[in-house]
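Q: Before I ask anything, here is the structure I am working with.
The values are calculated or read from the model by the stated rules, or taken from the named source; none is laboratory data. Here the structure is a predicted model, which means the values were calculated and not measured. Neighbour counts are summed over all protein chains in view; Cβ atoms, including those assigned to glycine, are modelled from backbone coordinates with ideal geometry.
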Amino acid sequence: VKYLWFWNFWHWSAEGAISGTLLRGPMHGIAGHWDEWFHHEAQPDDIAAIAHLSAQPERQREFIAWLVRRWAPNALWKGERPSARFVLSQLAQLPPFDEWITLSAFRHGYGVRGLSAIVLADGSTGEAGDVRHTEAIAIARDSAVAHSGVVAEGFTAPAAQLSTPRRAVESLLTGRGRLVLLTAWFLGGHRPFPRTMRITLGGAWLLVCALIVVLLVGPDPGAALTPLMSLLIVLWLLLVTIDGSVALVVAAQAWREGRRVRATLDRQEVRLSMPGGLRLIGGSAGLPFALNVLLAASRAAPSTTNDGWLWRRIVRALRTHAPQWAATGGIDEVGRVLPVVLEPKLRASTRQGAITHVLVPKQSGASRAAQERDTAGNGVQAVAHAQSAPPRSPTVSGFTATGGDQPEVHTCSHLAQAVLTIAGLSSRTQRIMTGVAGMASAVLLAATPDIRAILAPAPAPMIVAPFSSTAYALWVNLDGERQRDFWVVLESGFWSNRRVMMQRSNMRSGGPPRAEIPLRRTVR
Amino acid sequence: MYRDASVETLLRWRSDRAELEAPPPPRAATLIASLRPWWEREPMQFQVWVTKLQRMPVALGYAMSAVERGRGDGRVPAILSAELEVETYVQMRYVSVRQGRLLVRFALDVDGVPPFHALDTTFIDEGGVSGLFVAIAAWSASGEYRIDAALPAGLASTWENLKATDHLPFRLILQPRDSRAATRSSPEGMP
């Protein structure tokens with residue numbers, strides 16, 4: 001057995017927790033347990049093996065790789081796998097691991113970079129240091145002690161400021177937030193199609209609109225009406241089927257995946273780390289905290305083969321791009337992003353230099369704050385939306401700005417929107433196309449009776465008695481289905497091509513439908 | 001003092017000077033008093049702290065769904081007497097009695113109070129009648145305090161099966177080591 005000493009330690013720790021000698025489980029209490037075991041319980045053979053390992057960085061790396069790949073998947077505690085990153089970050093603080101250069105990345109965190117939070121220091125007007133690296137990791141809850149959903153490390157905060165972001169994430173996974181996410185994606189999110197397919201579908205929707213316009217305001221198509229209408233309906237049905245079925249599949253997958261990640265999160269405790277020893281006042285870190293909790297939850301839930309396109313895109317983007325993003329904004333339990341003070345925070349993000357995107361609440365003055373930041377902070381121009389950002393021109397610097405580029409400022413009003421923005425799923429083109437498709441569909445649905453009359457007309461109505469017999473009124477009663485779909489042409493030697501529609505008044509009074517040409521004597 | 005004085009003369013001279021400057025030897029009564037535990041020497045202070053400790057609740061209500069029923073949460077009432085006096089709880093994370101020695105690790109988390117290098121830890125029985133013994137709790141890198149102390153003869157057998165998850169039959173008075181070093185000279189683990 002490789003690294004027998006570590007297994008000895010782990011089993012000593014687990015047995016101690018089972019017997020009650022140790023209060024906490026072997027993972028939550030690993031730091032104290034190791035300290036006790038290494039200094040007071042380890043056998044000389046164990047100590048010698050550890051010393052041998054500690055002597056060379058190559059062997060240290062080998063051990064770390066073994067711990068991550070071999071040990072963590074096999075060392076179950078109450079059915080849960082221990083988090084290798086958590087174990088490494090805890091051990092990295094203790095002898096002899098505190099001298100291992102290979103563990104230096106774990107000495108100040110978990111080695112997972114999350115989304116930065118912009119938290120102003122006392123009296124700060126927006127300095128680079130106010131953009132604070134934040135990271136989160138989810139570990140199995142310890143049933144031996146009372147737990148909270150989120151544990152702050154490196155800072156202190158009121159419990160509500162930690163639990164609210166978690167509840168917002170829970171809502172995003174299985175509650176109202178999930179509906180908001182799916183709706184926002186449906187209305188303006190990229191579809192899982194290749195580019196050519198997207199262009200083709202967009203073109204097809206434009207063709208539908210063009211046909212509608214032609215039929216509404218164009219010249220009378222005459223005999224081409226039925227083929228044109230058939231083409232329009234077939235095309236529309238095809239597009240609705242494609243878009244609808246794709247949306248349904250993606251939504252169903254996201255629905256299922258959200259439930260799976262939520263189930264994992266329910267068994268986890270999130271450790272949220274933000275170095276600096278701050279005591280947080282105010283809730284403006286709620287949005288970055290929530291995004292980091294979501295990131296931690298996605299890491300804790302091992303991906304499956306059918307985890308769904310939408311969540312896969314979101315999770316991949318969060319893991320890859322989170323270090324380049326900073327965020328500020330309060331959050332409530334259903335994921336709504338609440339307004340905060342913006343100007344100094346945008347200034348801080350500019351001065352930080354490494355951040356390329358900033359998420360802020362959609363609030364009055366967000367664009368103005370971004371512009372003021374640009375003119376006062378760095379002399380570089382940018383606007384609140386990435387899509388409308390003009391070319392950047394690094395010119396005169398008003399402050400001792402360290403960054404060359406301005407981070408792009410993105411506004412959001414809900415956690416779901418923030419997630420879609422980071423994942424790059426928000427698309428203005430798709431929003432326009434959804435609008436176009438919605439309007440076209442609304443017109444076609446409103447015109448359903450007429451379309452039916454064109455494509456599947458009822459048999460022509462028959463004239464029934466009585467009918468007019470005087471020269472002062474010319475009318476006929478009709479019998480049959482859907483009389484209003486028809487014009488009545490009353491032809492005689494005196495009039496030509498006199499078309500009239502059914503009269504509603506006669507139908508309302510209980511009589512048969514009637515078509516009438518009202519006549520007025522002009523000469524006696 | 002002559003330049004040609006021998007080393008022996010110099011030593012005798014220095015010894016005489018030292019005897020003259022030395023404080024008078026303590027009296028036998030003082031020596032006996034210094035061997036008594038601090039709570040016997042400062043009974044009023046001890047009683048005040050004991051009264052406060054007895055007011056602090058320890059019973060579990062099992063309102064927290066995550067705590068397994070029947071397992072204690074390791075909380076023990078404690079008074080930290082540093083610059084400020086704080087009534088708090090320590091969490092006993094490791095309790096083991098082996099070969100007459102008590103091995104304990106506990107966490108002390110008091111807002112705004114940095115960790116101490118070492119704490120004089122006075123164990124008091126639940127009834128608060130008297131102190132049981134004093135041990136030094138040393139700060140460890142894992143963020144906990146560790147005690148390894150010999151138990152008084154009577155306790156070793158009583159506490160033989162004590163575990164961190166049991167109801168712990170003691171309360172603690174914690175004093176930063178430096179603040180009491182001058183007033184007590186009890187050896188580690190002994191009253």
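Q: Among the residues of the range A:467-483, count how many are surrounded by 13 or more Cβ atoms within 10 Å (Cβ to Cβ) and in contact (Cβ under 8 Å) with a residue 24 or more places away in the chain. Give the steps one after another, and end with the answer.
A: Taking the range A:467-483 as the starting set, the residues that turn out to be surrounded by 13 or more Cβ atoms within 10 Å (Cβ to Cβ) are A:467-468, A:474-478, A:480, A:482-483.
Subsequent filtering for residues that are in contact (Cβ under 8 Å) with a residue 24 or more places away in the chain retains A:468, A:474-478, A:482-483.
Residues flagged as surrounded by 13 or more Cβ atoms within 10 Å (Cβ to Cβ) and in contact (Cβ under 8 Å) with a residue 24 or more places away in the chain within the range A:467-483 amount to 8.
Q: Considering each residue of the range A:11-24, count those that are assigned to a helix (DSSP H, G or I) and surrounded by fewer than 23 Cβ atoms within 10 Å (Cβ to Cβ), and give that number.
A: So the first thing to find is which residues in the range A:11-24 are assigned to a helix (DSSP H, G or I), and the list is A:11-19.
Restricting the remaining residues to those that are surrounded by fewer than 23 Cβ atoms within 10 Å (Cβ to Cβ) gives A:11-12, A:14-15, A:18-19.
The total comes to 6.
Q: Out of A:Glu153, A:Glu170, which single residue is over 27 Å from A:Ile47 (Cα atoms), in a helix (DSSP H, G or I) and not β-branched (Val, Ile, Thr)?
A: Numbers: A:Glu153 fails: in a helix (DSSP H, G or I).
Result: A:Glu170 is the single residue among A:Glu153, A:Glu170 that is over 27 Å from A:Ile47 (Cα atoms), in a helix (DSSP H, G or I) and not β-branched (Val, Ile, Thr).
Q: In addition: Only one of these is more than 14 Å from every other protein chain (Cβ to nearest Cβ), assigned to a helix (DSSP H, G or I) and surrounded by fewer than 19 Cβ atoms within 10 Å (Cβ to Cβ): A:Thr183, A:Thr164. Name it.
A: Details: A:Thr164 fails: surrounded by fewer than 19 Cβ atoms within 10 Å (Cβ to Cβ).
Going through A:Thr183, A:Thr164 in turn, just one is more than 14 Å from every other protein chain (Cβ to nearest Cβ), assigned to a helix (DSSP H, G or I) and surrounded by fewer than 19 Cβ atoms within 10 Å (Cβ to Cβ): A:Thr183.
Q: So if I check each of B:Val50, B:Val58, which one is β-branched (Val, Ile, Thr) and at pLDDT below 85? Outline the logic, then answer.
A: On the way: B:Val50 fails: at pLDDT below 85.
When all the criteria are applied, what remains is B:Val58.
Q: Could you please find all residues in the range A:259-308 being under 20 Å from the mean Cα position of the chain (by Cα) and among the β-branched types (Val, Ile, Thr)?
A: Matches in the range A:259-308: A:Val261, A:Thr264, A:Val293, A:Thr304.
Q: Being free of Cβ contacts under 8 Å to residues at least 40 places away in the same chain and within 14 Å of another protein chain (Cβ to nearest Cβ) is true for just one of A:Asp142, A:Asp122, A:Asp98. Which residue is that? Spell out the reasoning first.
A: Numbers: A:Asp142 fails: free of Cβ contacts under 8 Å to residues at least 40 places away in the same chain; A:Asp122 fails: within 14 Å of another protein chain (Cβ to nearest Cβ).
Exactly one of A:Asp142, A:Asp122, A:Asp98 is free of Cβ contacts under 8 Å to residues at least 40 places away in the same chain and within 14 Å of another protein chain (Cβ to nearest Cβ), namely A:Asp98.
Q: Oh, and also: Pairs under 6 Å by beta carbon, first residue facing chain B (nearest Cβ under 10 Å) in the range A:17-28, partner in a helix (DSSP H, G or I), six or more apart or different chains?
A: Final answer for the pair search is A:Leu22/A:Gly16.
Q: Taking helices (runs of 4 or more DSSP H) that fall entirely within the range A:25-106, which contain at least 2 residues that are of a type in the set (A, V, I, L, M) and surrounded by 15 or more Cβ atoms within 10 Å (Cβ to Cβ)? If you could, list the steps in order and put the result at the bottom.
A: Values: elements: A:30-36, A:44-54, A:57-66, A:84-91.
Fully inside the range A:25-106 and qualifying: A:30-36, A:44-54, A:84-91.
Q: Condition check: part of a helix (DSSP H, G or I), more than 14 Å from chain B (Cβ to nearest Cβ) and touching a residue at least 40 places away in the same chain (Cβ under 8 Å). Does A:Phe6 satisfy that? Walk me through it before giving the result.
A: Numbers: part of a helix (DSSP H, G or I): yes; more than 14 Å from chain B (Cβ to nearest Cβ): yes; touching a residue at least 40 places away in the same chain (Cβ under 8 Å): yes.
So A:Phe6 fits the description; yes.
Q: Next question. Hey, could you check the range A:191-223 for residues that are outside any helix (DSSP H, G or I) and within 25 Å of A:Leu444 (Cα to Cα) and say which is nearest to the chain's Cα centre (by Cα)? Break it down into steps so the answer makes sense when it comes.
A: Keep residues of the range A:191-223 that are outside any helix (DSSP H, G or I), which gives A:191-194, A:218-221.
Still in the list and also within 25 Å of A:Leu444 (Cα to Cα): A:191, A:218-221.
Values: A:Arg191: 13, A:Gly218: 42, A:Pro219: 45, A:Asp220: 47, A:Pro221: 46 Å.
It comes out as A:Arg191.
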